[in-house]
Structure formats: structure tokens, C-alpha cells
1. Just the residues that are touching a residue at least 12 places away in the same chain (Cβ under 8 Å) and on the phi > 0 side of the Ramachandran plot, please, taken from segment 106-140.
2. Among the strands (runs of 3 or more DSSP E) confined wholly to segment 107-215, which include 2 or more residues that are more than 40 Å from the chain's Cα centre (by Cα) and not assigned by TED's automatic domain parsing to the domain that holds residue 94?
């Protein structure tokens with residue numbers, strides 16, 4: 001038993017010594033004559049470190065690319081709703097021949113009295129033979145537009161000849177050439193009518209009158 005124990009101890013000591021000698025020998029050989037082997041070993045170690053897979057949570061994760069909006073998404077629905085709302089703003093449209101007026105109760109130049117709506121005569125007040133009072137109307141001609149309201153009745157007999165709107169003198173003159181009338185009662189153009197005037201009903205008024213296509217006065 002003692003002999004076996006002694007042999008085991010000697011074997012352990014001998015193995016350790018031999019390992020030490022081998023390590024020293026490798027180190028000496030490496031120091032003395034193998035610079036290229038050292039560089040190769042260093043590169044292998046560095047390469048192994050660079051390719052080391054990071055542990056969970058280490059490093060920075062790449063941001064996910066933003067996904068394009070899917071067809072029929074919220075943005076597209078809002079856009080469609082805005083288009084529909086814009087199209088619904090025009091309730092009725094058409095073309096007519098327009099004349100002009102300025103009725104302020106003074107009796108000047110055929111003035112027939114104060115406007116039927118009870119509103120004072122003003123820029124942007126139109127006269128219609130049939131539309132409800134306070135109806136909001138946009139008129140366009142020659143690349144210009146004015147938005148006003150129905151505040152009076154007219155034209156009278158001319159409406160039976162297809163003249164379905166009377167415009168205040170300021171709107172009439174602006175649509176013709178962008179200018180201003182010489183006075184409230186005279187546009188200063190020498191022109192009594194605008195043919196091919198485009199009209200658009202934007203909102204029906206709550207006053208007396210009939211919605212829909214304009215009808216001749218008194219019909």
C-alpha cells in the first residue's frame with residue numbers, strides 16, 4: 001500500500017514537471033524562432049473573438065424597417081372621407097345668363113325697394129327668382145369666382161328668358177374684368193349681361209323659396 005501511494009505521488013510530480021517543461025519549451029521555441037507562428041496564432045485568436053456570438057441582451061439590435069401602410073388603412077380612409085366631403089359641398093350646379101342690380105331703397109335707376117330678405121344691400125348679395133332666401137351660392141366667370149348669398153328676388157320678367165340670376169354691381173364688375181364699378185348703380189363696363197355664368201349652390205337657405213333648379217319668377 002505504501003509503495004503504491006509513493007508511486008502515485010511520484011507519477012503526479014513527474015507529470016507536472018513534464019507539463020511544465022513542455023510549456024517552457026514551447027514558449028522558448030516561440031520566443032526564439034517562430035514569429036510567423038506567433039502572428040498566425042494571434043490572428044486566429046482575434047478572429048475567434050470577433051466571431052463570438054454575443055449573449056442575449058448584448059450588442060445593439062437592428063431597428064425593424066417601417067412597414068408600409070396597408071391599402072385601405074386609416075390614412076387612406078381619412079383621405080377618401082375628405083374627398084367625399086369636398087365633393088358634397090356643391091349641392092347643385094349649372095350655367096345661366098346673369099344681369100346686375102343694386103336695390104337699396106333709394107329709387108335710383110329702377111330701384112324697386114329694399115331687398116326681400118330684409119338684409120341691407122351689399123357686395124355678394126344675389127337675387128334669384130326661386131331659390132330660398134340666404135342660400136349660399138358661388139358664381140364663376142372668366143377665371144374669377146365670388147361666393148355670395150340670395151338676398152332678394154329677381155330678375156323678374158327676364159327670368160322667363162333664361163336670365164336666372166341678378167348679381168350686385170360689385171360682383172358683376174369683378175367677374176367681367178377684375179375691376180370696381182363706377183358707382184353702386186353702374187358697373188362701368190357698358191355690358192348688361194354675363195352669358196355662360198357658372199353657378200354652384202353650396203348651402204340651401206332656410207328662408208322662403210324652393211330648392212332645386214332655378215324657376216322663372218312667379219312660376
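The values are calculated or read from the model by the stated rules, or taken from the named source; none is laboratory data. Everything numeric in this text was worked out from a predicted model, so none of it was measured. Cβ atoms come from the backbone with ideal geometry, glycine included; neighbour counts cover every protein chain shown.
1. Hits for segment 106-140 are 109, 124, 134.
2. Working: elements: 125-127, 136-141, 144-152, 163-168, 194-203.
The strands (runs of 3 or more DSSP E) meeting that bar number zero.
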